[in-house]
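Novice: Handing you a structure now.
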Amino acid sequence: MTGILLLEQLLNGLGYGLMLFLLAAGLTLVFGIMDVLNLAHGSLFMAGAYVAAEAHTRTGSFAAAIVIAVLVTVIVALLLEVLLMRRLYQRDHLAQVLATFGVILVADDIVTMIWGPSPVMAPTPAALSGPIEIIAGLPYPSYRLVILAGGMLVALALWLLVNHTRIGMRVRAGASDRPMAELMGVRVGRIFNGIFLLGAALAALAGALMGPIVAVQVGMGEQILIPALVVLVIGGIGSVRGAFVAALLVGLVDTIGRAFVPMLLRATLPPSTAADLGPLFAEVAMYALMVIVLIFRPSGLFSARA
Amino acid sequence: MKQRDATSTVVLAIVFVLLAAFPLVAPLLGLEFYIGFVRRVLVVALAAASLNFILGFGGMVALGHAGFIGIGAYTVVALSDVGVMSAWLLWPAAALVAGAVAALVGTVALRTRGVYFIMTTLAFAQMLYFVVVSLRRYGGDDGYTLPARPTLLPGLDLADDSTFYWVVLVLVSLTLLWLHRATRSRFGYALMGIRDNETRMRALGYPVFRLQLVAFAIAGAIAGLAGALLAGGNGFVSPATMHWTQSATLLVMVVIGGLGRSWGGPVGAVVWLLLEEVLKQSTDHWHLPLGLLLIAVALWAPKGLAALYRRRNSLTPTLSPEGRGGSRI
């Protein structure tokens, strides 16, 4: 019984971690290469979730919804890049924080104008609504399995792209030492455009996939942004591998904090104290992890910039 | 120089008198509602000034300042809950607890640089946020309604909005003046020296870490005091005060008012809250224009409104490359 619960929770944590990775990968590449801190990354996630929910309801096809969500979000990101991000490259981080915080305010209001202030229903694809018995005695929602598989596939594809292609080599060169990469003839600016759009596509994909299991609502981008930034910082800025390891770590720690610590507390402490402390551990676990990592490794686990 | 100081003294005196007269004049103009609003602006201005102290003068881009405001407010909640009503105890306690927490946070955060500093301060603020959310005794997510306004002196009824307003005005003014003096002290100049060139200051023998830590704790303590005043004024405290977007908004205010400018924090707070109030009354979609304004400020007026009004003798900050959260973090 406990073993099965354990496995179920670990799978949930893994799924959450993979979604965080989709967000953090785009963030860390943009930050690693162009040194732009983009708080509006969560808004792209929100855009993906809303567009996917709308497209799914209208077309009835989940696959089509994902494609549409990614396309629309990439177009939005292109506009954002041309109109704003370009002007922020050479600016300090404070200006970037402010401008992209401004984008959050604008994005939230535009979404409210289009879809209204209340949460939108994102349907679970009909074919995936039932549970599947992975091993005897553990029925697991099939939709969550799709998220796991999807997240893993994308992570693998990204790993191949970054580590085993010429483009990936240039990306890594730009992230670890931009001036040197430019001297060697890498057009870092152009690579960045591609990376920014790729990051937007990944954020939209995460939003589209997460939509059916979280509430699709205004502000969902801000909620997921902070964990994604935590992943980026734990992993070390500019390192996709670091983002991957950190995302899984955060997913795991989050699960432990959410599922096992409350159980342990209930077993050892008086019920009311346990009920008070349980949720606290759940929420605080990943931040505590980040602070501990930073105390020992002030620039993250695998910082691309040594 | 002398003359300029004299002019600013006169301007400050006029502002103070106008603010002091407001509760007397407001009822005549049918603006009683705004007594509470102006009081809130005063308190937020104090919080913004405390952030400007470490951000503008100290070069530390801290993205968790609302956490300390919340600690101050929740200190008041905790003490009121056990029946303490005297402002003489509540307000210093709020400042002390917030200052102590800020010192702890600073001890860890100041070891990191750049964006890691931003994120560490944010992480601590998030942890504090979730701590108060989990405090069910104090209302958790729903917040906590204070039994009454604190008591200060016999004969001084803080439950009266005008009286409370004047007390806040005096307290905020005194603290702002003290903070202003601090930036012109040896300590303040050392802080700005560290902001501009940390390596050189270290070479000159300044205890860089200790100076920054003290500044961080002072800013936290003043934010805590602001939190206590907010709690007293509203009679209600909720975790929303500590949400990270509130910390970001404080950063916004400081930049709009002018980083490292005297009175930059208060000016930014006044401008931002006034705009917010006006926009809220004219449209449901008031985030959009504020967001656009913010983008415009970040792109075209990074030194804030104060920079539009030229004053060459000001100590214009340029966040140095090695600054905490400075330009090339």
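Novice: Give me the pairs, please: first residue somewhere in the stretch A:245-259 and at negative phi, second residue anywhere and buried (at least 21 other Cβ atoms within 10 Å of the Cβ) and of a type in the set (Ser, Thr, Tyr), beta-carbon distance under 7 Å, and either six or more positions apart or on two chains.
Specialist: Cβ pairs passing all conditions: A:251/A:16; A:254/A:16.
Novice: Select, from B:273, B:230, B:225, B:250, the only residue that is within 18 Å of residue B:46 (Cβ to Cβ) and touching a His at 6+ places or on another chain (Cβ under 8 Å). Full working, then the answer.
Specialist: Working: B:273 fails: touching a His at 6+ places or on another chain (Cβ under 8 Å); B:230 fails: touching a His at 6+ places or on another chain (Cβ under 8 Å); B:225 fails: touching a His at 6+ places or on another chain (Cβ under 8 Å).
The conditions single out B:250.
Novice: Let me ask something else. I'd like to check something: does the stretch A:114-123 contain any residue that is assigned to a helix (DSSP H, G or I) and either surrounded by fewer than 19 Cβ atoms within 10 Å (Cβ to Cβ) or not acidic (Asp, Glu) (or both)?
Specialist: yes
Novice: Restricting to the stretch B:239-255, give me the number of residues that are farther than 23 Å from residue B:53 by Cα and either surrounded by 21 or more Cβ atoms within 10 Å (Cβ to Cβ) or within 12 Å of the chain's Cα centre (by Cα) (or both).
Specialist: At the first step, the residues of the stretch B:239-255 found to be farther than 23 Å from residue B:53 by Cα are B:239-240.
Subsequent filtering for residues that are either surrounded by 21 or more Cβ atoms within 10 Å (Cβ to Cβ) or within 12 Å of the chain's Cα centre (by Cα) (or both) retains B:239.
Residues meeting the conditions: 1.
Novice: Please work out which one of (1) in contact with a strand residue (DSSP E or B) (Cβ under 6 Å, 6 or more places away or on another chain); (2) hydrophobic (A, V, I, L, M, F, W, C); (3) open to solvent by 50 Å² or more (accessible area, probe 1.4 Å) is the condition residue A:156 fails and give its number.
Specialist: Status for residue A:156: all satisfied but (1).
Novice: Let me ask something additional. Take residue A:206 and decide whether it is surrounded by 24 or more Cβ atoms within 10 Å (Cβ to Cβ) and either part of a helix (DSSP H, G or I) or touching a residue at least 40 places away in the same chain (Cβ under 8 Å) (or both).
Specialist: Details: surrounded by 24 or more Cβ atoms within 10 Å (Cβ to Cβ): yes; either part of a helix (DSSP H, G or I) or touching a residue at least 40 places away in the same chain (Cβ under 8 Å) (or both): yes.
Spelling it out, residue A:206 is indeed surrounded by 24 or more Cβ atoms within 10 Å (Cβ to Cβ) and either part of a helix (DSSP H, G or I) or touching a residue at least 40 places away in the same chain (Cβ under 8 Å) (or both).
Novice: Within the stretch B:160-196, can you find the residues that are open to solvent by 60 Å² or more (accessible area, probe 1.4 Å) and either assigned to a helix (DSSP H, G or I) or touching a residue at least 40 places away in the same chain (Cβ under 8 Å) (or both)?
Specialist: B:161, B:166, B:170, B:174, B:177, B:178, B:181, B:186, B:189, B:196, listed by residue number.
Novice: Looking at the stretch A:42-61, can you tell me whether even one residue there is within 14 Å of chain B (Cβ to nearest Cβ) and surrounded by fewer than 24 Cβ atoms within 10 Å (Cβ to Cβ)?
Specialist: no
Novice: Give the stretch A:139-153 a look and list any residue that's surrounded by 14 or more Cβ atoms within 10 Å (Cβ to Cβ) and of a type in the set (A, V, I, L, M), or say none.
Specialist: Residues satisfying the conditions are A:145, A:146, A:147, A:148, A:152.
Novice: State all residues of the stretch A:80-102 that are open to solvent by 20 Å² or more (accessible area, probe 1.4 Å), at the interface with chain B (Cβ under 7 Å from one of its Cβ atoms) and part of a helix (DSSP H, G or I); if no residue qualifies, say none.
Specialist: Matches in the stretch A:80-102: A:87 only.
Novice: Condition check: within 21 Å of the chain's Cα centre (by Cα) and open to solvent by 10 Å² or more (accessible area, probe 1.4 Å). Does residue A:71 satisfy that?
Specialist: Considered against the rule, which asks whether it is within 21 Å of the chain's Cα centre (by Cα) and open to solvent by 10 Å² or more (accessible area, probe 1.4 Å), residue A:71 comes out as yes.
Novice: Would you check which residues across the stretch B:93-133 are hydroxyl-bearing (Ser, Thr, Tyr) and under 16 Å from the mean Cα position of the chain (by Cα) and list them?
Specialist: Result: B:121, single match.
Novice: Go through the stretch A:177-203 and count every residue that is open to solvent by 40 Å² or more (accessible area, probe 1.4 Å) and over 19 Å from residue A:38 (Cα atoms).
Specialist: 8
Novice: Follow-up question, since we're still on this one. Could you go through the stretch B:267-286 and let me know if any residue there is part of a loop (DSSP other than H, G, I, E, B), open to solvent by less than 10 Å² (accessible area, probe 1.4 Å) and either modelled with pLDDT under 85 or among the aliphatic types (A, V, I, L, M) (or both). Even if it seems obvious, please write down each step before you answer.
Specialist: Keep residues of the stretch B:267-286 that are part of a loop (DSSP other than H, G, I, E, B), which gives B:283-286.
Subsequent filtering for residues that are open to solvent by less than 10 Å² (accessible area, probe 1.4 Å) retains none.
Scanning the stretch B:267-286, I find no residue that is part of a loop (DSSP other than H, G, I, E, B), open to solvent by less than 10 Å² (accessible area, probe 1.4 Å) and either modelled with pLDDT under 85 or among the aliphatic types (A, V, I, L, M) (or both), so the answer is no.
Novice: Next question. Residues B:136, B:113: which one is farther than 25 Å from residue A:232 by Cβ and of a type in the set (D, E, K, R)?
Specialist: So the residue among B:136, B:113 that is farther than 25 Å from residue A:232 by Cβ and of a type in the set (D, E, K, R) is B:136.
Novice: Can you give me the number of residues within the stretch B:203-245 that are out of contact with any Phe, Trp or Tyr (no Cβ under 9 Å at 6 or more places or on another chain) and within 14 Å of another protein chain (Cβ to nearest Cβ)?
Specialist: Going through the stretch B:203-245 one residue at a time, the tally reaches 2.
Novice: Sticking with this structure for a sec: For the stretch A:163-203, give me each residue that is without any contact (Cβ under 8 Å) to a residue 24 or more places away in the chain and hydrophobic (A, V, I, L, M, F, W, C).
Specialist: A:169, A:173, A:180, A:181, A:183, A:184, A:186
Novice: What number of residues within the stretch A:250-277 are away from chain B (no Cβ under 12 Å), open to solvent by 60 Å² or more (accessible area, probe 1.4 Å) and not charged (D, E, K, R)?
Specialist: Summing the residues that are away from chain B (no Cβ under 12 Å), open to solvent by 60 Å² or more (accessible area, probe 1.4 Å) and not charged (D, E, K, R) in the stretch A:250-277 gives 9.
Novice: Another question, if that's okay. If we only count helices (runs of 4 or more DSSP H) wholly inside the stretch B:52-137, which ones have 2 or more residues that are within 14 Å of chain A (Cβ to nearest Cβ) and open to solvent by 20 Å² or more (accessible area, probe 1.4 Å)?
Specialist: On the way: elements: B:65-81, B:87-109, B:114-134.
In the stretch B:52-137, B:87-109, B:114-134 are the helices (runs of 4 or more DSSP H) which contain 2 or more residues that are within 14 Å of chain A (Cβ to nearest Cβ) and open to solvent by 20 Å² or more (accessible area, probe 1.4 Å).
Novice: Restricting attention to the stretch B:246-266, which residues are away from chain A (no Cβ under 11 Å) and in a helix (DSSP H, G or I)? Reasoning before the result, please.
Specialist: Taking the stretch B:246-266 and keeping what is away from chain A (no Cβ under 11 Å), we get B:246, B:250, B:257-258, B:260-266.
Once the filter is applied, which keeps residues that are away from chain A (no Cβ under 11 Å) and in a helix (DSSP H, G or I), the stretch B:246-266 yields B:246, B:250, B:257, B:264, B:265, B:266.
Novice: Criterion first (of a type in the set (A, V, I, L, M), within 14 Å of another protein chain (Cβ to nearest Cβ), out of contact with any strand residue (DSSP E or B) (no Cβ under 8 Å at 6 or more places or on another chain) and part of a helix (DSSP H, G or I)) does residue A:33 satisfy it?
Specialist: Yes, satisfied.
Novice: Please work out which one of (1) open to solvent by less than 30 Å² (accessible area, probe 1.4 Å); (2) over 15 Å from residue A:303 (Cβ atoms); (3) in contact (Cβ under 8 Å) with a residue 12 or more places away in the chain; (4) of a type in the set (A, V, I, L, M) is the condition residue A:234 fails and give its number.
Specialist: Here residue A:234 clears every test but (2).
Novice: I need every pair where a residue in the stretch B:148-159 that is polar (S, T, N, Q) has its Cβ under 7 Å from the Cβ of a residue that is open to solvent by less than 70 Å² (accessible area, probe 1.4 Å), sequence separation at least 6 or different chains.
Specialist: Short answer, once both residue conditions are applied: B:151/B:85; B:151/B:86; B:151/B:87; B:151/B:158.
Novice: From the list A:7, A:23, exactly one residue is assigned to a helix (DSSP H, G or I), touching a strand residue (DSSP E or B) at 6+ places or on another chain (Cβ under 8 Å) and either at negative phi or in contact (Cβ under 8 Å) with a residue 12 or more places away in the chain (or both). Which is it?
Specialist: Every option except A:7 fails the conditions.
Novice: Taking interchain pairs and intrachain pairs at least six residues apart, which have beta carbon atoms under 7 angstrom, with the first residue in the stretch B:258-269 and under 18 Å from residue B:189 (Cβ atoms) and the second at pLDDT below 85 and open to solvent by less than 10 Å² (accessible area, probe 1.4 Å)?
Specialist: B:259/B:304; B:261/B:304; B:264/B:304
Novice: Looking at the stretch A:255-273, which of its residues are within 26 Å of the chain's Cα centre (by Cα) and within 17 Å of residue B:131 (Cβ to Cβ)?
Specialist: Correct list: A:257, A:258, A:261, A:262.
The values are calculated or read from the model by the stated rules, or taken from the named source; none is laboratory data. Here the structure is a predicted model, which means the values were calculated and not measured. Here the Cβ is made from the backbone with ideal geometry for all residues, glycine too, and neighbour counts use every protein chain on show. In case anyone asks, the SASA skips ligands and DNA or RNA and just uses the protein heavy atoms, side chains included. Shrake-Rupley method; radii C 1.70, N 1.55, O 1.52, S 1.80 Å.
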